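The values are calculated or read from the model by the stated rules, or taken from the named source; none is laboratory data. Bear in mind the structure is a predicted one, so any value in this text is a computation, not a measurement. Using ideal geometry, Cβ is built from the backbone for each residue, glycine included, and neighbour counts are taken over all protein chains shown. All accessible areas refer to the heavy atoms of the entire protein, side chains included, with ligands and DNA or RNA removed. Shrake-Rupley method; radii C 1.70, N 1.55, O 1.52, S 1.80 Å.
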Amino acid sequence: MSYRVAVCVSGGGSNLQALLDRLQGEEPARVVLVLSNRADAGGLERARQAGVPAEVLADPADAAEWITRLGRRDVDLLVLAGYLKLVPPGVVQKYAGRMVNIHPALLPDFGGPGMYGQRVHEAVIASGAAESGPTVHLVDEVYDRGAILAQRRVPVLPGDTPATLAERVLTEEHRLLPDVVLAAARAGHPVPMANAD
Ligand code: GRF
């Protein structure tokens with residue numbers, strides 16, 4: 001039986017695309033629902049192109065609406081992939097241990113409220129850190145603080161701008177997130193993974 005994955009997006013959805021591409025064919029997981037808080041999120045169109053149901057939340061703050069939509073698709077794992085709004089606490093509780101987020105820096109550094117998009121990469125460069133890279137973690141009540149499942153490291157290079165660093169990190173996100181989802185599918189729940197470089 002296939003492990004049923006819902007992906008939440010607010011923007012372009014390149015991580016969603018990486019998942020859709022990786023979970024074709026005989027893989028033990030498949031994307032059964034894409035949810036967004038925005039009707040114009042590019043990720044919704046990617047879902048439609050792949051024949052995956054794409055739904056817009058009428059009220060992203062309404063836990064009951066989330067739970068109804070996720071329950072209807074019998075979702076095993078909820079993946080936040082560039083979902084920029086707060087997920088209602090009732091959903092976080094209901095999906096505790098079954099909900100992951102991808103963050104574009106090496107948590108626990110460079111996370112927390114307001115740390116998303118270019119700001120993350122600006123902060124990494126400003127800190128003088130030699131490395132950055134994506135983190136996939138479990139979602140709990142505190143922003144970017146749930147248990148870390150996997151990370152991948154990339155160098156921060158002299159002359160990097162937030163855009164060049166973001167691109168290097170994003171390339172690794174597209175490998176890391178499908179790896180974590182496939183490991184979760186095999187185990188039946190998200191599992192910590194040895195870090196790959
Ligand atoms: C990624 O950098 C992810 O780490 C962050 O939001 C971005 C989403 O990009 N949470 P995309 O929409 O998957 O292209």
Just the accessible area per residue of region 34-131, please: how many Å² with a 1.4 Å probe? 47
Pick out the long, greasy-scoring helices in the chain: whole DSSP H runs spanning 20 Å or more along their own axis by Cα, mean Kyte-Doolittle at least -0.5. 162-187
Can you give me the relative contact order of region 33-177 as a percent, contacts being Cα pairs under 8 Å and 6 or more apart? 18
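Please give the FRET efficiency for Thr164 paired with Tyr143, using the beta carbon to beta carbon distance and R0 = 35 Å, rounded to the nearest 0.05.
0.85
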Roughly how many Å is it from the Cα centre of region 129-173 to that of region 33-101, as a whole number? 22
Looking at region 127-197, which trypsin sites (Lys or Arg not before Pro) are DSSP coil and have at most 16 other C-beta atoms within 10 Å of their C-beta? Arg145, Arg153
Stretchable slack from Arg48 to His189, in nm (0.36 nm times residue separation minus alpha-carbon distance): 48.1 nm
The chain: antiparallel DSSP beta bridges as a percent of all, rounded to 5: 35
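Based on the Cβ-Cβ distance of Arg119 and Met1, what FRET efficiency does E = 1/(1 + (r/R0)^6) give at R0 = 41 Å, to the nearest 0.05?
Once rounded, the FRET efficiency stands at 0.50.
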